[in-house]
Structures are given as C-alpha cells and as structure tokens.
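Student: Mind looking over this structure? Questions follow.
Values quoted throughout were computed directly from the atomic coordinates according to the rules given, and no laboratory measurement underlies them. Being a predicted model, the structure only gives us computed values, none of them experimental. Glycine also receives a Cβ, built like all others from the backbone with ideal geometry; neighbour counts cover every protein chain displayed.
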Amino acid sequence: MFSRIKELLQSPGTPERAMRARGAVDELQLAAAALLVEAALMDECFEAAERAKIVELLTARFGLEAAETETLLETARAQVAQSSQLFGFTRVVNDRFSHDERIELMEMLWQVAYADGRLDDYEANLMRRLAGLIHVSDRESGRARKEALARLGLEP
C-alpha cells in the first residue's frame, strides 16, 4: 500500500495516468475493452486485424503502455468468456462516460467490427443493441459508423 502511495506522489504525468495509478479508471477501461472484444468475437473469429485494432484503440483512448494494454485485453477476453451479459459492461460505460464519450466508444466498436473489412450480420445486430444500451441514438451511431469507415479507408 505504501509503495502505491509513494508511486502516486512521485509519478509525474497526466491526470489520467495519476488516476490509473490509483485504480480509478480500471473498471471503465475493462468495460470498454470487454465491449470491443465482444464486437470482435461476434462473428466467432477473433482475427489478428481485430486484435490489432483493439490494441490500437485502447492504447490511444486510455494512454496505456504496451504491457498495460496487453494485460487489459487479456483480462477483457477472460471477462467476456465468463459473462453472457452485456449489461454489466454497458452500465459502467453509462455511469462513467459522458454522452460524447459514448459516441466515441461506438466509433471504436464500429472500427473493430469492420477491422476485417466486412460487417457480419451478428456484428451489425450487436452494434444496434450496444447503441441502445449505452444510450446512443441511431443517427449518432450511424455517424460513428461513417467516421469509423473513413478512418479505416473503407466505403460505406
């Protein structure tokens, strides 16, 4: 415990990093990562492109180091394997993300769904369900989808 306090007091950096050192964002990071993993697994094939996209998105969104991202991803995969419900993950997102951040998460989810270059019917269904669960309108989800396609260099 004392080493954690010492680390917090001595560690320079962003408020996000300081919060992470205290464990304040771990639950939110895990919820977001689990939803991204769920999107990747929806077509029953977790491809290298999807994994790479999740790593890229988590690293950029939460400012994580490579080892932190890998740990988060593996923890998320284990959580998804153990849980058959999305509600726990979406509840955390709803409680801790602003509306704009939830739209940003939808864009991240669309990027993962399209990481292999196509959208499976099961993935499309998941995106609709997730948008509703995190209170993102169809219009906002559609804009997030278009942004994701543009970032991936794919046609709508």
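Student: Which count do you get for residues in segment 45-66 that are closer than 16 Å to LEU30 by Cβ and of a type in the set (A, V, I, L, M)?
Tutor: Selection size over segment 45-66: 5.
Student: In addition: Of the residues VAL55, VAL80, VAL92, VAL112, only one is hydrophobic (A, V, I, L, M, F, W, C), in contact (Cβ under 8 Å) with a residue 12 or more places away in the chain and over 22 Å from ASN125 (Cα atoms); which?
Tutor: Answer to the check: VAL55.
Student: On to the next question. In segment 54-67, what residues are more than 14 Å from the chain's Cα centre (by Cα) and not hydrophobic (A, V, I, L, M, F, W, C)?
Tutor: Across segment 54-67, the qualifying residue is only GLU65.
Student: Also, quick follow-up: Considering every residue within segment 54-63, establish whether at least one is on the phi < 0 side of the Ramachandran plot, surrounded by fewer than 21 Cβ atoms within 10 Å (Cβ to Cβ), touching a helix residue (DSSP H, G or I) at 6+ places or on another chain (Cβ under 8 Å) and part of a loop (DSSP other than H, G, I, E, B).
Tutor: Looking for residues that are on the phi < 0 side of the Ramachandran plot, surrounded by fewer than 21 Cβ atoms within 10 Å (Cβ to Cβ), touching a helix residue (DSSP H, G or I) at 6+ places or on another chain (Cβ under 8 Å) and part of a loop (DSSP other than H, G, I, E, B), one finds none in segment 54-63, hence no.
Student: On to the next question. Within segment 110-156, can you find the residues that are among the aliphatic types (A, V, I, L, M) and closer than 15 Å to LEU41 by Cα?
Tutor: VAL112, ALA113, ALA115, LEU119, ALA124, LEU126, MET127, LEU130
Student: A further question on this structure: Can you give me the ranges of the helices (runs of 4 or more DSSP H) entirely in segment 85-156 with at least 3 residues that are under 18 Å from ALA52 (Cβ atoms), in contact with a helix residue (DSSP H, G or I) (Cβ under 6 Å, 6 or more places away or on another chain) and not β-branched (Val, Ile, Thr)?
Tutor: Hits in segment 85-156: 99-113.
Student: Residue pairs, Cβ under 8 Å, 6 or more apart or interchain, first in segment 116-139 and over 17 Å from LEU154 (Cα atoms), second loosely packed, with under 14 Cβ neighbours inside 10 Å and of a type in the set (Phe, Trp, Tyr). List them.
Tutor: Sorted first by the residue in segment 116-139, then by its partner, the pairs are LEU133/PHE87.
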